[in-house]
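A quick write-up on the structure given underneath.
No value in this document is a laboratory result; all are computed from the given coordinates. Everything numeric here is computed off the predicted structure, so don't read it as measured data. All Cβ positions, even for glycine, are placed from backbone atoms using ideal geometry, and neighbour counts span all protein chains on display.
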Amino acid sequence: MTAPVAITLSVNGETLTRAAEPRETLADFLRRDLGLTGTHTGCEMGVCGACLVMLDGAPVHGCLIFAVQAAGASVQTVEGLSESAMIADLQRAFHERNALQCGFCTPGVLVTAQWLLARKAAPSREEIRDALSGNYCRCTGYEAIVDAIETVARRRSAGEAASRFLEEPA
């Protein structure tokens, strides 16, 4: 058995040092060691996208990266995006458009959507579908998800702040 390795990384803006098993995935590290359960584990083969997190600003499958590989990096999870209000408008639009059902894929989809909208303010429906090609959803058929992301792109282009969507609807 290999001894745990001390790693230092930034998770959702907080620098921390923890011991990680050399073959422990980043997804498992986030879930078990840090209690960040929004990073789901589904296929454990990088196919379903439920484990998506941002690693130094790029979306990665947390099930394919070892925690020790993230040493020195910045990791942002769906919890960090949510707590910062960066995805408040996406969360609201998903609710409005009924773009979630069981919710298992939703964290990974939200991470993907935020990444896409940060790179392209007004993506086409085809570009949204292409960005979502790494996220597997069994429940929705994707149309409502694409609608929600398109709605947020339109609202952001019109200058509506994400924090405005933190309030409950009237």
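Observations on the structure shown:
- The set of residues in the range 128-163 that are touching a Pro at 6+ places or on another chain (Cβ under 9 Å) and under 28 Å from LEU64 (Cβ atoms) comprises ASP130, ALA131, GLY134, ILE149.
- Selection count where residues are surrounded by 14 or more Cβ atoms within 10 Å (Cβ to Cβ), touching a strand residue (DSSP E or B) at 6+ places or on another chain (Cβ under 7 Å) and assigned to a loop (DSSP other than H, G, I, E, B), scope the range 23-48: 4
- Of everything in the range 143-158 that is surrounded by fewer than 17 Cβ atoms within 10 Å (Cβ to Cβ) and without any contact (Cβ under 8 Å) to a residue 24 or more places away in the chain, the residue that is nearest to PHE104 (Cα to Cα) is GLU143.
- The single residue among ASN12, ASN98 that is surrounded by fewer than 22 Cβ atoms within 10 Å (Cβ to Cβ) and either at negative phi or in contact with a Leu (Cβ under 9 Å, 6 or more places away or on another chain) (or both) turns out to be ASN12.
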